[in-house]
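Report on one structure; see the data block that follows.
The values are calculated or read from the model by the stated rules, or taken from the named source; none is laboratory data. Only a predicted model underlies this, so the values are computations on that prediction, with no experimental measurement involved. Glycine also receives a Cβ, built like all others from the backbone with ideal geometry; neighbour counts cover every protein chain displayed.
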Amino acid sequence: DAKTTQPPSMDCAEGRAANLPCNHSTISGNEYVYWYRQIHSQGPQYIIHGLKNNETNEMASLIITEDRKSSTLILPHATLRDTAVYYCIVRVNPNTGNQFYFGTGTSLTVIP
Amino acid sequence: GAGVSQSPRYKVAKRGQDVALRCDPISGHVSLFWYQQALGQGPEFLTYFQNEAQLDKSGLPSDRFFAERPEGSVSTLKIQRTQQEDSAVYLCASSLGLGRYGYTFGSGTRLTVV
C-alpha cells in the first residue's frame with residue numbers, strides 16, 4: 001500500500017471548517033483513500049473513503065486532487081468533540097480484506 | 001451486540017506471564033482484525049480472520065503471539081511469556097463483508113507488562 005504524509009498536528013477554531021491534508025504521491029490506480037479518526041482511549045472510527053471522485057457524508061467531505069496524489073478531509077463545522085487523531089490511509093482493493101496501514105496521523109485540536 | 005466488545009479493558013501482567021485477550025465482534029461479521037497500538041503511534045496490523053480461517057498472520061511480532069477464532073465469531077489473542085515491549089493497546093475490528101466501507105473497532109485492551 002502507498003505511504004501517506006500528514007502534518008503531525010493542527011488547531012481549528014470551534015465552528016470553523018477543519019481542513020486536514022494528506023499527501024499520497026505514490027498512490028496507484030486501484031488504491032482507495034480512507035480516513036479514520038481516533039478519539040482518546042477509543043478505537044479508530046471510520047469517517048469516509050473515495051477512489052477519485054469527491055465524496056460527502058454526514059460526517060465529512062473528502063476532496064481528492066485530479067492526479068490523486070493528495071487529498072483533504074473537511075469537517076465543515078468543527079466541534080470540540082472532533083478533537084482526535086485523524087489517519088489518512090491508502091489501500092488497494094477493499095474487496096480483498098487487506099489490512100489498513102495507519103501511520104501516525106494528524107492530531108487535531110478544536111479550540112473553543 | 002451493538003459494537004465490538006473487548007475484554008478485559010485493562011490488563012497488568014508480570015513479565016513472563018501468559019495473557020489472553022478476548023474480542024466479541026458484531027454478530028454476523030465475517031472479517032476480524034487484530035491491531036497493536038503502542039503509545040503515541042498508529043495501530044499496526046497483527047492478523048486477519050475471515051470467518052474461522054486465519055488468512056493473514058504476517059503482523060504477529062513473534063511466535064509468542066497466537067490468535068484464534070475457532071467458530072468464526074469470538075476471537076482470542078494470546079501472548080505467551082509476556083515481555084515489556086508487549087505493553088500496548090490491542091485493538092480488534094470487524095466487518096460484515098470484506099470491509100469496503102470500513103471496519104468497526106472495539107475500544108481495545110490496554111496491556112501493561114511489569
Quick test of your reading of the structure: A:Met10 fulfils all but one of (1) away from chain B (no Cβ under 14 Å); (2) in a strand (DSSP E or B); (3) without any contact (Cβ under 8 Å) to a residue 60 or more places away in the chain. Name the failing condition by number. (3)
A careful count of residues in the stretch A:18-63 that are in a loop (DSSP other than H, G, I, E, B), within 14 Å of another protein chain (Cβ to nearest Cβ) and either under 11 Å from the mean Cα position of the chain (by Cα) or without any contact (Cβ under 8 Å) to a residue 60 or more places away in the chain (or both) gives 11
Filtering the stretch A:64-79 down to residues that are in contact with a Gly (Cβ under 7 Å, 6 or more places away or on another chain) and not in a loop (DSSP other than H, G, I, E, B) yields A:Ile64
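Which residue is surrounded by the most Cβ atoms within 10 Å (Cβ to Cβ), if the candidates are limited to the stretch A:49-80 and must be of a type in the set (D, E, K, R) and under 20 Å from A:Pro7 (Cα atoms)?
Ranking the qualifying residues of the stretch A:49-80, first place goes to A:Arg68.
Restricting to the stretch B:101-114, and then to whatever is among the hydroxyl-bearing types (Ser, Thr, Tyr) and within 20 Å of B:Phe45 (Cβ to Cβ), can you tell me which residue is farthest from the other protein chains (Cβ to nearest Cβ)?
B:Thr109
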Check whether at least one residue in the stretch B:57-65 is under 14 Å from the mean Cα position of the chain (by Cα), crowded, with 16+ Cβ neighbours inside 10 Å and touching a residue at least 40 places away in the same chain (Cβ under 8 Å), and report yes or no. no
Output the residues belonging to the stretch B:63-100 that are within 11 Å of another protein chain (Cβ to nearest Cβ) and part of a loop (DSSP other than H, G, I, E, B). B:Gly97, B:Leu98, B:Gly99, B:Arg100
Quick check: is even one residue across the stretch B:75-84 at pLDDT below 95 and of a type in the set (Gly, Ala, Ser)? no
Meets criteria (β-branched (Val, Ile, Thr) and at pLDDT 95 or above) for A:Ile64: yes
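Yes/no matrix, rows are residues, columns are (1) facing chain A (nearest Cβ under 10 Å); (2) in a loop (DSSP other than H, G, I, E, B):
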| residue | (1), (2) |
| --- | --- |
| B:Val12 | no, no |
| B:Gln17 | no, yes |
| B:Arg22 | no, no |
| B:Phe33 | yes, no |
| B:Gln36 | no, no |
| B:Gly40 | yes, yes |
| B:Tyr48 | yes, no |
| B:Ser58 | yes, yes |
| B:Pro61 | no, yes |
I need the full set of residues from the stretch B:1-43 which are among the charged types (D, E, K, R) and crowded, with 17+ Cβ neighbours inside 10 Å, in order please. B:Lys11, B:Asp24
Result of the Cβ filter at 6 Å on the stretch A:66-89, keeping first residues that are within 17 Å of A:Ile48 (Cα to Cα) and within 14 Å of chain B (Cβ to nearest Cβ) and partners that are part of a strand (DSSP E or B) and among the small types (Gly, Ala, Ser), at least 6 apart or interchain, is A:Val85/A:Ser107
